[in-house]
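Reviewing the structure listed below.
The values are calculated or read from the model by the stated rules, or taken from the named source; none is laboratory data. What you are looking at is a predicted structure, and each value in this text was computed from that prediction instead of being measured. Using ideal geometry, Cβ is built from the backbone for each residue, glycine included, and neighbour counts are taken over all protein chains shown. For the accessible areas, the whole protein counts, side chains as well, though only heavy atoms, and no ligand, DNA or RNA atoms are used. Shrake-Rupley method; radii C 1.70, N 1.55, O 1.52, S 1.80 Å.
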Amino acid sequence: MKVCGVELKGNDAIVCVMSLADGLYDLPQLRVAKVSIDDAGDAEQVQKFQFAFKKLMEDYQVEQVVIKGRALKGKFAGGPVGFKLEAAIQLIDTLKVDIVSGSFVKNTLAKSQVGIDFRDTGLKKFQQTAFETVFAFFEGK
């Protein structure tokens, strides 16, 4: 099963795809590490973002997307563009989309019996949260 972890940050959906088969984790090399939008106020741009994200998931045969949730209000609240991108991803009819809390990710990683050093993954530093999100999803099952 291939799952994509997503962190929404600013105008970007930062992604990390991971699969688990026979107890082995695999991180395929993706052609892009993030899908971006220029103007979230333009409906055509939102549709282009949604199409690009859907195409990326189809190309890598991703079955499920796990988005790290953000606070709705307060100091660490997500911005309006992030929520728009989240909705665009959730409305892709060919994907199962779950939103997991930051506390779920943190607690699951702390309890995990499998230790993966992020530096050994070959991913870029800005993908760490997306990686931790998808890894916690697999470990929390």
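From I37, I14, grab the single residue that is more than 20 Å from D120 (Cα to Cα) and crowded, with 19+ Cβ neighbours inside 10 Å. So that I can check it myself, show each step before the final result.
Working: I14 fails: more than 20 Å from D120 (Cα to Cα).
One residue alone meets the criteria, I37.
Among the residues that make up segment 74-82, is at least one of them modelled with pLDDT of 90 or more and open to solvent by 60 Å² or more (accessible area, probe 1.4 Å)?
The answer is no; no qualifying residue exists.
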| So D59, is it closer than 17 Å to V3 by Cα and out of contact with any strand residue (DSSP E or B) (no Cβ under 6 Å at 6 or more places or on another chain) | yes
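Would you confirm whether or not segment 72-84 contains a residue that is in a helix (DSSP H, G or I) and within 20 Å of R31 (Cα to Cα)?
no
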| task | Kindly provide the set of residues from segment 49-104 that are aromatic (F, W, Y), closer than 18 Å to S36 by Cβ and touching a helix residue (DSSP H, G or I) at 6+ places or on another chain (Cβ under 9 Å), ordered by number. | result | F49, F53
| note | Among residues of segment 17-34 being part of a strand (DSSP E or B), more than 13 Å from the chain's Cα centre (by Cα) and in contact (Cβ under 8 Å) with a residue 60 or more places away in the chain, the residue farthest from K124 (Cα to Cα) is L20
